[in-house]
């Protein structure tokens, strides 16, 4: 694993933990939700921009991303 891949893995782990704590969910519940709505891929693909933001902004952005995906599912 190269340095950037390791940084991305740490970043995704950080996001999972922060989201879990903020929402009062288990790690398994967060992983199910992130997998269902493509959050993991989003965090990986946009790491270069996202990792420079505050955790509060990240949590709000993840919520917005999930809500948009939920709306797409209802169409």
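The values are calculated or read from the model by the stated rules, or taken from the named source; none is laboratory data. Model, not experiment: these values are computed from the prediction. Every residue, glycine among them, receives a Cβ derived from its backbone with ideal geometry; neighbour counts consider all protein chains shown.
Summary table below
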| read-out | value |
| --- | --- |
| Some residue of segment 55-70 being out of contact with any strand residue (DSSP E or B) (no Cβ under 9 Å at 6 or more places or on another chain), loosely packed, with under 14 Cβ neighbours inside 10 Å and not in a helix (DSSP H, G or I) | no |
| Test: residue in segment 47-58 that is under 9 Å from the mean Cα position of the chain (by Cα) and within 20 Å of residue 73 (Cα to Cα) | no |
| Positions within segment 1-15 being farther than 18 Å from residue 60 by Cβ and in a helix (DSSP H, G or I), in sequence order | 3, 4, 5, 6, 7, 8, 9, 10, 13 |
| Criterion: touching a helix residue (DSSP H, G or I) at 6+ places or on another chain (Cβ under 8 Å) and assigned to a helix (DSSP H, G or I) - qualifying residue of 18, 32 | 18 |
| Boolean, residue 46 is surrounded by 14 or more Cβ atoms within 10 Å (Cβ to Cβ) and at pLDDT 95 or above | no |
